[in-house]
Amino acid sequence: MNSNQIRSKFLKYFEDNDHKILKSSSLIPHDETLLFTAAGMVPLKEFFMGSKKPPHNNLTSSQKCIRTVDIDIVGDTDRHLTFFEMLGNFSFGDYFKDLAIELAWNLIIKEFGIDKNKLLVTVFDQDEEAFILWKKIAGLSENKILKINTSDNFWSMGETGPCGPCSEIFYDHGDSYPGGPPGSDDEDGDRFIEIWNLVFMQYEQITKDIREDLPKPSIDTGMGLERVAALLQNTNDDYATDIFTPLINKSIELTNSEEKANSASHRVIADHLRSASFLITDGVLPSNEGRGYVLRRIMRRGMRHAHSLGNKEPIFHKIFPTLLHEMKFSYPELNRAKDLILNILLNEETKFKQTIDNGIKILEDEIKNTQNNLFSGEVAFKLYDTFGFPLDLTQDYLKNKKILVDIDSFNKKMEE
Ligand code: GLY
C-alpha cells in the first residue's frame, strides 16, 4: 500500500464509521501560544474544551505537523522527522475508550492486515478500564498489555490545555533489531515501534497545579503516516518508504554523490525540503525571528548538507517538483504556492552559498592561527553572529581537519 492509499484508507474507514473528514489545517495554529501545529488535535482544541461546536461529533483528518525539538538528530535515525502527517480520529463526547479501541484495532488488523501477534499495547497504569478493554476487544494476553506509570502514557499538548491518559499501540519488528519493550531502559531502540496513540481526553490542565474535568470525555488519536507506511511497506525505516525514496533519489542524482540513500545528508535534504515547502505554503517566510527563523534554520541545515555533499549549485528548488508531484493531490495548496516556494528556495540557497563561501575564507585564515587543534570559540561566534555561518557548519568543516571548536568560549560569547 503506498502512502496515498494508506491516507485515503484511514480517512474512508472513519468516514464509513460516522466521522466527518476534515481537511488538514494550516501549520500555523490559531492558538497564539503555539509556534506550529504539532498534532492532529491542535486545530480542534476548542471543540475538546466545549467552547466551540464541532461540525460533527466525530471527525477524522490527516494533519500536517511540524516538530523541531529533535532537529539536531534528524538524519541520524530512521524515524526522526521535522515534518510529518498525523492521521487521527476524534470524538467530542460521542464515543470513548471502548469504541476508540475497537475502531483502532479493526483498522489495523482487518483493513491494514497487520499481524496481531506482532502487536502490543501500553496503558496508563491507573487506567484499569483500558487494560480490561484491550483484553476483551483485542483478545490480547495480559503480557501484551503493558502498564506504564510515566508521562509517556499521559498525553498533554503543553503546560495547559486538554489532556488525559493514553494507550499506545506498538509493533515488534523482531529480535534482529536492538531495543526493549516500552517502559524498559532500552525502549528507544528500533525493535518496538509506536504506531498509534489513543488519547482518552478527559481533563483540561488550567494551570500547572489545577486540572479540571472536560465537559465531555473525548477521544483524540494520532498515527504517524510515515511510520505506518514503513510498516506496511515492510521496512523499519521511514526514509525507505515511497514518501521519501523519490526525494532521496533526486537528491542523489542532483548531488551526483557517492553517499548512499541512507546517508544522513540525503535524509536531511528530503525531510527539510518537506518542512520548508509546507511552511512557505502556509505563509511563513524565512527571517531572523519567530517562525521565520525556524524556517530559515531548517532550510540552512538542509542546504548545509547539500553543500557538504560537494554541491556547488542550489538544488532544493530542483528537488521540489518531485515533492509536488507526490503530494499535490492530497495538498493542493502546495501546487498553488509552487512559484513562491521555488523562488524562496532558490533565493535562500543562493544567499546561503555566499555565506558559506565567505565563512570558509574566514575559517581558513583562522585555522592558520589555531593551536593544539582548538579553534577559537570567539571566531566561531563571530562567524555565526556576524556572518550567519552556523556553528554546526564550522564544526563539520573543522572535523575533517581534526580540529575542535572551543565550545566554552563560544557559549560564553553567546550568553553575553
Ligand atoms: N494527540 C495525540 C498525539 O500527538 O499522539
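Tabulated results
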quantity	calculated
Scope the range 1-24; condition part of a loop (DSSP other than H, G, I, E, B) and under 11 Å from Ser62 (Cβ atoms); matching residues	Lys23, Ser24
Which numbered condition Leu198 misses (of (1) over 25 Å from Leu334 (Cα atoms); (2) of a type in the set (A, V, I, L, M, F, W, C); (3) surrounded by fewer than 20 Cβ atoms within 10 Å (Cβ to Cβ))	(3)
Exclusive hit being closer than 30 Å to Ser61 by Cα, buried (at least 17 other Cβ atoms within 10 Å of the Cβ) and not small (Gly, Ala, Ser), set Ile344, Ile403	Ile344
In the range 267-296, residue farthest from Asp76 (Cα to Cα) [restricted to those that are within 14 Å of the chain's Cα centre (by Cα) and of a type in the set (D, E, K, R)]	Arg274
Checklist (1) more than 26 Å from Phe48 (Cβ to Cβ); (2) buried (at least 19 other Cβ atoms within 10 Å of the Cβ) applied to Ser141, failing item	(2)
Any pair with Cβ under 7 angstrom, 6 or more apart, that starts in the range 142-157 at a residue that is among the β-branched types (Val, Ile, Thr) and ends at one that is in a strand (DSSP E or B) and within 16 Å of the ligand (Cβ to nearest atom)	Ile145/Val121; Ile145/Val123; Ile148/Thr122; Ile148/Phe124
Residues of the range 203-225 classified as surrounded by fewer than 20 Cβ atoms within 10 Å (Cβ to Cβ) and either within 16 Å of the ligand (Cβ to nearest atom) or more than 27 Å from Asp127 (Cβ to Cβ) (or both), total	4
Elements of type helices (runs of 4 or more DSSP H) in the range 221-283, at least 2 residues being among the hydroxyl-bearing types (Ser, Thr, Tyr)	245-255, 264-281
Residue list for the range 88-106, restricted to those being away from the ligand (no atom under 16 Å from the Cβ) and in contact with a helix residue (DSSP H, G or I) (Cβ under 6 Å, 6 or more places away or on another chain)	Asp98, Glu102, Trp105
Positions within the range 36-50 being assigned to a loop (DSSP other than H, G, I, E, B) and near the ligand (Cβ under 10 Å from one of its atoms), in sequence order	Ala38, Ala39, Gly40, Met41
Selection status of Leu231, within 16 Å of the ligand (Cβ to nearest atom) and either in contact (Cβ under 8 Å) with a residue 24 or more places away in the chain or of a type in the set (Val, Ile, Thr) (or both)	no
Residue match in the range 67-87 (condition: surrounded by 22 or more Cβ atoms within 10 Å (Cβ to Cβ), more than 13 Å from the ligand (Cβ to nearest atom), in contact (Cβ under 8 Å) with a residue 12 or more places away in the chain and not in a loop (DSSP other than H, G, I, E, B))	yes
Residues of the range 319-334 classified as of a type outside the set (A, V, I, L, M, F, W, C), over 19 Å from the mean Cα position of the chain (by Cα), part of a helix (DSSP H, G or I) and surrounded by 14 or more Cβ atoms within 10 Å (Cβ to Cβ), total	2
Which listed residue, of Arg296, Arg300, is buried (at least 24 other Cβ atoms within 10 Å of the Cβ) and either touching a Lys or Arg at 6+ places or on another chain (Cβ under 6 Å) or of a type outside the set (A, V, I, L, M, F, W, C) (or both)	Arg300
Meets criteria (within 15 Å of the ligand (Cβ to nearest atom) and in a loop (DSSP other than H, G, I, E, B)) for Asp31	yes
Contacts under 6 angstrom Cβ, first residue in the range 341-369 being touching a residue at least 12 places away in the same chain (Cβ under 8 Å) and in a helix (DSSP H, G or I), partner basic (Lys, Arg) and surrounded by 13 or more Cβ atoms within 10 Å (Cβ to Cβ), 6 or more apart	Phe352/Arg300
Hits in the range 5-28 (condition: among the aliphatic types (A, V, I, L, M), surrounded by fewer than 21 Cβ atoms within 10 Å (Cβ to Cβ) and within 16 Å of the ligand (Cβ to nearest atom))	Leu22
Check on Glu159, within 16 Å of the ligand (Cβ to nearest atom), at pLDDT below 95, more than 21 Å from the chain's Cα centre (by Cα) and not hydroxyl-bearing (Ser, Thr, Tyr)	no
Segments classed as strands (runs of 3 or more DSSP E), wholly inside the range 131-211, with at least 1 members that are among the aromatic types (Phe, Trp, Tyr)	154-156, 161-172, 192-205
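The values are calculated or read from the model by the stated rules, or taken from the named source; none is laboratory data. Values in this document were obtained by computation on a predicted structure and should not be read as measured data. Positions of Cβ are generated from backbone atoms using ideal geometry, with glycine treated the same way; all protein chains shown enter the neighbour counts.
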